[in-house]
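For reference, the structure discussed in these notes is given below.
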Amino acid sequence: MERSIPKESSESIDFYLRTIYSVLRSKSDTRISVFEEAHRGMDSVLHHDARSNVPDFNAFIYGLLRMPSCMLHVEKIILGQNIRMFIQQGYSDIESWTEVSAKARRRFCLYNGSDTLACFITSRSDIDDIVPVLTAFQIEWNKIHLLLTDISIEYLQKISPENSDKFKKISEIILSPVEDLKRLQNVWGQEMDDWMQEIKKHSSDLRIRLLDSSLVQYARSTNSWLKNILVECPDIQQKSIYFISSNTHCIANMLSGYALHKEQELVEFMNESDNGTFFNEWELIEKKKLSASRENLLYYMLKKYQQTNQGEYTIQEQKDYEKKSGIYRVPSIQTFDVEAQIIDLSKIDLQNIDPRIQTEHIEALKKSNAFLFNIDYPLGMTAFNILSKLSEEFENICGIYIMGKAASLNGVHGDVIIPSVVHDMHSENTYFFQNAFSGADIEPWLVYGSILDNQRAVSVFGTYLQNRQFMDALYRGGFTDIEMEGGPYLSAVYEMIRATRHPTDEIVAFYNMKFDLGILHYVSDTPMSKGKNLGAGALSYFGMDSTYAAAIAILRRIMSLEIQKYL
């Protein structure tokens, strides 16, 4: 096996990163345009047409989904690690700014209501993510700006597919298929006219400034985050812990049974006109004419229901219901946007749980003194910081389970990947490990996708920091699974079981570990194909099949280990 990534395949990526960090050392504002040539030269798979004069709507929408909507007015982006840092640098009113968020990226951001956005970073991976996203956003904004030169502001009003002639004309002007203009409208909603008019008025000339980026401060931020959790749940420090990095809905949904409890109300919601497709699917499932999971559909509809005025009340009701089953949600603190769920296994109402996690002798869990420590998966090196800090505070970690999205070079959307090798581009280490999961753990619960086990994964710097040459080299080396957290987590695992800091550029084999270790990925992108990437949206309902299949495997594994202790 080719262990390392050939250097020549990532030279343009390395050059881009060197450009970013050398430029951001400046103590003054830097124009995003400084990064544009290195960005184009990298030829990112997420930005195929960076060099073309034709807009790349996949790249543009990817950026729009990962930045707050206030970017319509933002001219300056400030990166910092905590509130105090901003105040010391002259932003004395930072605490009065408005909190804003992106649709598809968790990051604490504050907006001054005018032209400045403050983004709080929790590891260098945030920088690796933010700068390419902003650069792609600016490149595509300016392409559309030039194409709108001869169009009047008045014409860019009341843009809607219902006005099919105007909608088609605008799509032709900006060299966009009608489908892509509709995708933009889905992102912008009622602000579509505002966006198009603002793009018409001026070119984008964003500026960025990095206040500081120290490892010490990253550690302090992580420490503050964990202290906040321990204040909310002080009893867990001496307990057995199963650490899970996943999301905020799968584990809680299956263990609380809240959505199943609200079945009648959710089915009525499905029966409304806007949700007719889901109601038809529900009826097919109930009549055994469709093999999809009824539980997954209820979980999905609960999320949609809670986004309506009608169902908003269930958000608090769900939290109260979960607490009765020993599930405690600890919101993220301001600058560290990672929610945690602390779950007392002995308090779970076993009558209400998802039937797919029911198992023999499950009543033994009532004797358990173990807690699940589930977090919303972090970005890149933040994973290393979190697990390192947890290992310092908790002596009895029984299992570490990592579930997250990945791009696959040999799979399709909805597949589940089970890696046994992870190459980490941060440390340049290649980690070999015995994955706690096999295909047999996933197969009973996966309806639509396939299982790709014994795969080789690579943890990359960022989603934009990949090109076709790089991926070809990966594929030739036997690497098919591209993600961002596995390597950093395994570097932290190394320091939990060895007497030294994790090495660099070595082969590392984990064996005879004192805790369980499992990694599962579900495919969200297929970058080697010509289809649209997830920049255009999200896995949505279809993606729940693989997501929940992986979560079921994790919960059944933990339950099995705990039950064995008491038989």
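The values are calculated or read from the model by the stated rules, or taken from the named source; none is laboratory data. In this text the structure is predicted, and so the values were computed from the model without any measurement. No Cβ is skipped: glycine too gets one built from the backbone with ideal geometry, and neighbour counts run over all protein chains shown. All accessible areas refer to the heavy atoms of the entire protein, side chains included, with ligands and DNA or RNA removed. Shrake-Rupley method; radii C 1.70, N 1.55, O 1.52, S 1.80 Å.
The GluC sites (Glu not before Pro) of region 423-505 that meet both conditions, a loop assignment by DSSP and at most 16 other Cβ atoms within 10 Å of the site Cβ, are E428.
Only one of (1) 76, 58, 51; (2) 128, 56, 49; (3) 137, 102, 36 was calculated from the structure for Cα extents along the principal axes in Å, and its label is (1). Normalised per residue, the accessible area of region 7-210 is 44 Å², obtained with a 1.4 Å probe and no contribution from ligands, DNA or RNA. Estimated at the nearest 10 Å², the accessible area of V447 is 60 Å² with a 1.4 Å probe.
Taking the DSSP bridge list for region 7-210 and keeping only pairs wholly inside it, about 45 percent are antiparallel.
Ordering 517-523, 366-372 by mean Cβ neighbour count within 10 Å, with the highest value first, yields 517-523, 366-372. Remark: relative contact order (the chain) = 18 percent; criterion is Cα-Cα distance under 8 angstrom and separation of 6 or more residues. Charged neighbours of L110, selected by a Cβ distance under 9 Å, balance to -2 (K, R count +1; D, E count -1).
The residue list N280, A219, V338 was ranked by how far each Cα lies along the charge dipole of the chain toward its positive end, using unit charges on Cβ atoms, and A219 comes out on top. Of the solvent-accessible surface of the chain, computed with a 1.4 Å probe over protein heavy atoms with every protein chain present, carbon and sulfur atoms account for 46 percent.
Using a Förster radius of 25 Å, what is the FRET efficiency between E360 and S438 based on their Cβ-Cβ separation? Nearest 0.05, please. Efficiency for this residue pair is about 0.85.
If you plug the beta carbon distance of Q89 and K287 into 1/(1 + (r/R0)^6) with R0 = 51 Å, you get a FRET efficiency near 0.25.
Residue ranking by accessible heavy-atom surface, 1.4 Å probe, largest first, among D212, D165 comes out as D165, D212. Look at where the Cα atoms of region 220-283 and of region 374-417 average out, and the two centres are 17 Å apart.
If all Cα-Cα distances of region 7-210 are sorted into 5 Å bins from 0 onward, what percent lands in each bin, rounded to whole numbers? Calculated over all Cα pairs of region 7-210, the distribution is 1, 7, 15, 19, 19, 15, 11, 7, 4, 1, 0 percent. Against the chain, whose longest principal axis is taken from its Cα atoms, helix 540-565 shows a tilt of about 30°. The residues packed around I402, meaning those with a beta-carbon under 14 Å from its beta-carbon, carry a net charge of -4 if Lys and Arg are +1 and Asp and Glu are -1. Counting only protein heavy atoms and using a 1.4 Å probe, the accessible area of Y448 comes to about 110 Å².
Ranking of V267, V54 by solvent-accessible surface, largest first: V54, V267 (1.4 Å probe, protein heavy atoms only, all chains present).
Could you tell me whether region 130-284 comes out rounded, prolate or oblate from its Cα gyration tensor? Rule is a ≥ b ≥ c as square roots of the eigenvalues, rounded for a/c under 1.5, then prolate if a/b exceeds b/c, otherwise oblate. Oblate, because a/c is 1.5 or more while a/b does not exceed b/c.
Does anyone have the angle between helix 276-286 and the longest principal axis of the chain? Alpha-carbon axes, 0 to 90°, nearest 10? Long axis of 276-286 versus the principal axis of the chain: about 20 degrees. Once the Cα atoms are used to define both axes, helix 314-324 deviates from the longest principal axis of the chain by about 30 degrees. Think of each Lys and Arg Cβ as +1 and each Asp and Glu Cβ as -1; about the Cα centre, that makes the dipole of the chain roughly 600 debye. Annotation: per residue accessible area for region 378-447 equals 30 Å², rounded to a whole number [probe 1.4 Å, protein chains only].
Would you mind checking region 194-215 for residues with the amide N under 14 Å from a putative spin-label position 7 Å along Cα→C-beta of K27? Hits in region 194-215 for K27 at 14 Å: 210-212. Using the rule -39500 (n - 2.57) for each DSSP H run of four or more residues, divided by the residues of the chain, the 222 nm mean residue ellipticity is -12000 deg cm²/dmol. Taking all protein chains together and a 1.4 Å probe, the residues D481, D14 rank D14, D481 from largest to smallest accessible area.
Of the peptides 148-161, 431-444, the order by per-residue mean of other Cβ atoms within 10 Å, starting with the highest, comes out as 431-444, 148-161.
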